[in-house]
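S.K.: Quick one: the structure is below, and I'll ask about it shortly.
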Amino acid sequence: MGNHRPTTRSKNKRSRPDENAEATTEILRKIILTKTVTEDDVHQLYNVWRPVCQGCRVNTKDNPNCFCGLIPPPNGSRKSGLWQKTSEIVNSLGPDPSKDLRLSSSTPAGLTNLGATCYANSILQCLYMNKSFREGVFSVEPQILEGEPVLNNLIRLFAQLHYSKMAFVDSASFIQTLELDNSIQQDSHEFLTLLFSLLERCLSQSKVSKARTIVQDLFRGGVSHVTRCSKCGNESEASSKIEDFYGLELNVKGLKSLDASLDDYFSIEELHGDNQFYCDACATRADATRSIKLRSLPAVLNFQLKRCVFLPNTTAKKKITSLFHFPGELNMAQRLSDCSELDLIYDLSAVLIHKGSAVNSGHYTAHIKDDNTDEWWEFDDENVSNLGQEPFGSTSTISTAEIGQIEPVDCSSSAKEKDILLDDNNMNVNQMHSLESNGVSRPKTFSSVDAYMLMYARKASKSDSQRTAVLSGEQKIEKDGSLISQETDGSLPSHILKDIELSNAAYLDSCEQYKSKKEFMLNHIMGRRQEVRLILSKAPVQPLETPYLWISTDWLRHWADTSMPSIIDNTSILCLHGKLPLSSISCAKRLSAEAWTDLFSQYGGGPTLTKDDYCIDCIFEMGRNMARANIYRDQRLLMKELAEAALSGEHMDGKLYYISKSWLQQWLRRKHIDLPCDADSGPTASIRCPHGELMPELASGAKRVLVPESLWMFFQETAMEVKPDDSVGRSTFSSESEPCAICGIELTEAAFSEDNLREFKLKQRQNHEKLCMNKNIALCPRTKYYLVPSSWLSKWRSYVNAGGKNASSAELDALNNVIDMLLCDKHSKLLERPPELLWKRDLIFQKPSITDGLTIIAEDDWRLFCEDWDGTESKGISATIEIDSDVKDDNIGTCIDTSIPEEHINDGISNGSSRRLLVETSPQVCEECIGDRECSELMRKLHYSNEDICVCLISGKEPPKSILEASGSISEPSRRTSKRSRKSTYGNSVNLNVSGTTSVYQLKMMIWETFGVVKENQILHKGSRVIDGETASLADMNIFPGDILWVTDSKIHENRDIADELSNTNLEVHVTEEGFRGSLLTSAISSQAVSEAYLN
């Protein structure tokens, strides 16, 4: 059959306790008899004879030669400690700073997002990547920067982006200088416009022309709004006024391309009718045209795509996410009025992306082209990715790309040429080859659903490019062994360059420190692991004659599983005599002399325990304890028979003694007892009264049993051995002892009191039989009744019906006090309305109330209540039933003693309700005080918060009767529902947490999120009432905590994603857009004041 792996599962299995105990008992018995301990006895008692263990899953405690389980297998690991995974050990050092190292000098750096500052990061990256703008701000004089903190921090930020060794730069200093709230998302175009205005003011103080007008030179263009009379051709005076712009805001709604948006922007508007223009030349109102004329173009042309539109119907904003096409190369010569050049070419240099469907949220990123390498980069806060030669990376070559794609179409205004080149967003291959052969230019066109801003840079001529290269002063210098392209160092303040140099040095130093710490830790861990494996391989001791030493298992386990072990500590396994006792054998291991020498030489400690350091005194003590245990077990076995005979009631001769019966039963239940324990104390504690005498047997817990004298003496001796100072618990009571007379009298009085109470309750139930059984009696007109609180009557009913262990000795409140609480202090009138009355089988019954209302009782019941519960009959609240005089009472049934259970009182109500029933009370009802109280309760009820209501989704047209009844009656606290209704659970239902101020719209949004029913299809009900409107609050619609609403799905409108509604929710109407209010971007403070505040 071949070789099989030997079975080791049972080899090192813990031996049965009986076998070990028998062997140990025999050895200890022999030692006690011979009074000598041989070496063989030590080997047997200390388990030295056990074989060396191999292959155990866990470390065996009763085998001192087992070293298994102290370390994992060769390829294994543990969750913590020395044998933790290497990756987890490295993670304990914290983040690796070298992961943030800039890949190369040609890779741009990112900017940290401080919460919601992605809009600012994208704009700052666009400005930094513009080489001309960067050079301009770098040329600002140092003395100007001292008084302009905004400029100072902007230049510092740009310098860090240029020179920093880190892959991203912290933008907190610049954002804080602008006093922006980093937790609020803002509009990137608005930020750019305000930033340009602020920079213009700051740069205006510079004497360097290149820096003073850098914003105007690069980004400012001019337009004029021309109004021309259609009759005489005269233009208005304002038409000659040129207005500056830093970006053109283009419509995208209903427009598919940048060319179409520009056509829309420069389109001619006809003014006629009420919009006619007053022409000065014609001296009358006349038809006219209005248009925008482009007078001058900046070097960098920004297009703001107006994707945010206002919806007047919902007073909300919505983002347009339609696909928009824009060219990689744009000729603006035809757009510029009075242009002498045939070509005015702009190249696409940046695309600002707004991701997300909501207007006031989402995420901004920027795709920017590097002028030096013509490569595109995606700037997503800290992350910067290379996109290659296209603005949208690899997706640019896929015509079906969702975000960005190349469309090989011509962006000229010729619709015919468009039709040739554009065919369902794809280029026909044959058309492409045909156009190439005909020499037709095919500029690339890109498209995006999230493009929010487009930046185009004017393409310079060859001579301009050469002149720019000379003036820019760009040079290559070597820093830290890497070649970095940068501007002349002299253009930057020395303190900024020094700070960046120190920052780079500190960062590189932290990388080196982390690397050194990591190498040291890994080398140390590997060395420790090799050390542990080596010593454990030397640890086992095979022959009995070989010298060996003892070591603590706890310390050995700690040493084998920690990187920095402590000194050897064997104190935990020592006895009082400083030796190794037999009781510590499960906590110690038998170690070879070689392994001990290696450990002791390296860690020290101790004490050293050799093979001869076993404790003879402890061995003899254990032997004596074993002998005592054997004697005790034998005695207990004999006493057990006597105890069982005593409990069974067998006749016993000789002198007898009382002990607790429950104590004796517990004593018999205990098994495997070797020596007396705390449970053996107090055999008579529970039958001894406080006066030191025998407790009467009728007392609680005083059951006792007679035992023979020999058994009593055994119990007394063991109790004295366990608790020698507890003389009370072992008091002696012979069979002639008499019970305590005082306790007997007290028990008799208590029993008499219980009999009287039982008799009183029986009398109450007999005198008020129907009230006790909660039966509603028929009432008669013009008969005197009395009113009592329903809550008091309910407590009385519980009191008189309680018996046995549930009987309560606490009595009810006095009736006089209860009646006084029903009267108002101001008018001494009744503060509660009498119960409603109803007809049933031509008889009058009161409608039961489950709240603290009033209940009508008979005159005899009131009189008996006054006698038993401290009431004054004359102070009672009387009630008389009257019938409207217009209704004859000939058909009213005779007032007989008829009763009906309250739970059936609402069944079969007759329609004799045309006879109106009235209850006249004395004193009268105080409507004024009741109205004030109900008003305050209603106000409290309306102002609830964080309470639950139940909403059920009904699939059919009509809801189940149980839901309809519960939904309609839950707000009527006086209405009693059946047990079946109260226990009902509704299948497709949910509890929603709402407040009184929650609007119906918000509730419908919760229902939409829970059940997936769009709010337009929801028909919401409370009972049979439909809840209309969305602006009203739940309190306005009388929806209160605990109400059950039901909703149906009309399925009229199409389903849509709730995210679309949430992004344009009506809640946005209530949010005031603060914009950049409170920041330096909108502040009118002078630069000098800003500088002083910054310095302070």
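The values are calculated or read from the model by the stated rules, or taken from the named source; none is laboratory data. Not measured: the values here are computed from a predicted model. Reconstructed Cβ throughout: ideal geometry from the backbone, glycine too, with neighbour counts over all protein chains shown. In case anyone asks, the SASA skips ligands and DNA or RNA and just uses the protein heavy atoms, side chains included. Shrake-Rupley method; radii C 1.70, N 1.55, O 1.52, S 1.80 Å.
S.K.: Set the Förster distance to 56 Å, then compute FRET efficiency between T610 and H691 from the Cβ-Cβ distance, nearest 0.05.
M.R.: Between T610 and H691 the formula returns 0.30.
S.K.: Related question: Any idea of M713's accessible area? Nearest 10 Å², probe 1.4 Å.
M.R.: Counting only protein heavy atoms, M713 exposes about 80 Å² to solvent.
S.K.: A further question on this structure: Ignoring any ligand, DNA or RNA, what whole percent of the accessible area of region 700-755 comes from carbon and sulfur when the probe is 1.4 angstrom?
M.R.: The nonpolar share, carbon plus sulfur, comes to 55 percent.
S.K.: Sorting L815, L918 by accessible area (1.4 Å probe), largest first, what list results?
M.R.: In descending accessible area the options line up as L918, L815.
S.K.: Describe numerically, in nm with one decimal, the distance between label points set 7 Å from Cα along Cα→Cβ at C575 and at S132.
M.R.: 9.7 nm
S.K.: With bins 5 Å wide starting at 0, give me the P(r) of region 505-568 over every alpha carbon pair, in whole percents.
M.R.: The calculated distribution, bin by bin, is 3, 14, 16, 18, 12, 10, 8, 6, 5, 3, 2, 1, 1.
S.K.: Next question, about the same structure. Gain in length, R295 to E249, computed as 0.36 nm per residue apart minus the alpha-carbon separation, to one decimal in nm?
M.R.: 14.9 nm
S.K.: Another question about this same structure. Taking all protein chains together and a probe of 1.4 Å, list I535, I268 from the most accessible to the least accessible.
M.R.: I268, I535
S.K.: How far apart, in nm, are the 7 Å Cα→Cβ label points at V208 and K784?
M.R.: Here the answer is 11.0 nm between the modelled labels.
S.K.: Taking a point 7 angstrom from the Cα of E641 along the C-beta vector, which residues in region 689-708 have backbone N less than 14 Å away?
M.R.: Correct set: none at all.
S.K.: Tell me the label-point distance for the pair S791, S753, using the 7 Å Cα-to-Cβ offset, in nm and rounded to one decimal.
M.R.: Once both label points are built, they end up 2.9 nm from each other.
S.K.: Given a Förster radius of 22 Å and the C-beta distance between S735 and Q665 as r, what FRET efficiency does 1/(1 + (r/R0)^6) yield to the nearest 0.05?
M.R.: It comes to 0.65.
S.K.: What does the convex hull of the Cα atoms come to per residue for region 661-721, in Å³?
M.R.: With only Cα atoms used, region 661-721 gives 96 Å³ per residue.
S.K.: What FRET efficiency would be calculated for the residue pair L502, R529, taking the C-beta separation as r and a Förster radius of 45 Å, to the nearest 0.05?
M.R.: About 0.65, to the nearest 0.05.
S.K.: Another question, then. Give, in nm to one decimal, the length gained when the segment between R863 and S648 is fully stretched (0.36 nm per residue of separation minus the Cα-Cα distance).
M.R.: 71.7 nm
S.K.: If a paramagnetic tag sat 7 Å from the Cα of S80 along the Cα-Cβ line, which residues of region 567-603 would have the backbone N under 20 Å from that point?
M.R.: 567
S.K.: Rounded, prolate or oblate for region 297-380? Axes are the square roots of the Cα gyration tensor eigenvalues, ordered a ≥ b ≥ c, and the cut-off for rounded is a/c under 1.5.
M.R.: Oblate shape, in that a/c is at least 1.5 and b/c is the bigger or equal ratio.
S.K.: Under a cut-off of 28 Å between alpha-carbon atoms, report the lysines in cross-link reach of K210, not counting same-chain residues fewer than 8 places apart.
M.R.: Reachable lysines: K131, K241, K369, K459, K462, K476, K479, K498.
S.K.: Restricting things to alpha carbons, tell me how big region 181-292 is in terms of Rg and Dmax, in Å.
M.R.: Reported Rg and Dmax, both Å: 19.3, 57.
S.K.: Rounded if a/c is under 1.5, else prolate if a/b beats b/c, else oblate: with a ≥ b ≥ c from the C-alpha gyration tensor eigenvalues square-rooted, which is region 94-195?
M.R.: oblate
S.K.: If N is the number of residues in region 760-801, what value comes out of its Cα radius of gyration divided by 2.2 N^0.38 Å?
M.R.: Expressed relative to 2.2 N^0.38 Å, the Cα Rg reads 1.26.
S.K.: Turning to a different aspect of this structure: What's the local net charge at S648, with K and R +1, D and E -1, over the other residues with C-beta under 14 Å away?
M.R.: -1
S.K.: Using the reciprocal of the averaged 1/r over all distinct C-alpha pairs, how large is the Kirkwood radius of region 680-830 in Å?
M.R.: One over the average 1/r among Cα pairs gives 20.7 Å for region 680-830.
S.K.: Turning to a different aspect of this structure: About the Cα centre, and with charges only on the beta carbon of Lys, Arg (+1) and Asp, Glu (-1), how big is the dipole of region 546-615? Nearest 20 debye, please.
M.R.: The dipole of region 546-615 has a size of about 160 debye.
S.K.: Next up: Indicate the gyration tensor shape class of region 753-872 (rounded, prolate or oblate), computed on the Cα atoms with a ≥ b ≥ c the square roots of the eigenvalues: a/c under 1.5 is rounded; otherwise a/b larger than b/c is prolate and the rest oblate.
M.R.: Because a/c hits 1.5 or more and a/b fails to exceed b/c, region 753-872 counts as oblate.
S.K.: Send over the semi-axes of region 984-1031's equivalent ellipsoid, whole angstrom and largest first, taken as the square roots of 5 times the C-alpha gyration tensor eigenvalues.
M.R.: 17, 13, 13
S.K.: Listed here are the pairs K840/K875; K35/K640; K961/K1051; which of them are more than 26 Å apart at the Cα?
M.R.: With Cα atoms farther than 26 Å apart: K840/K875; K35/K640.
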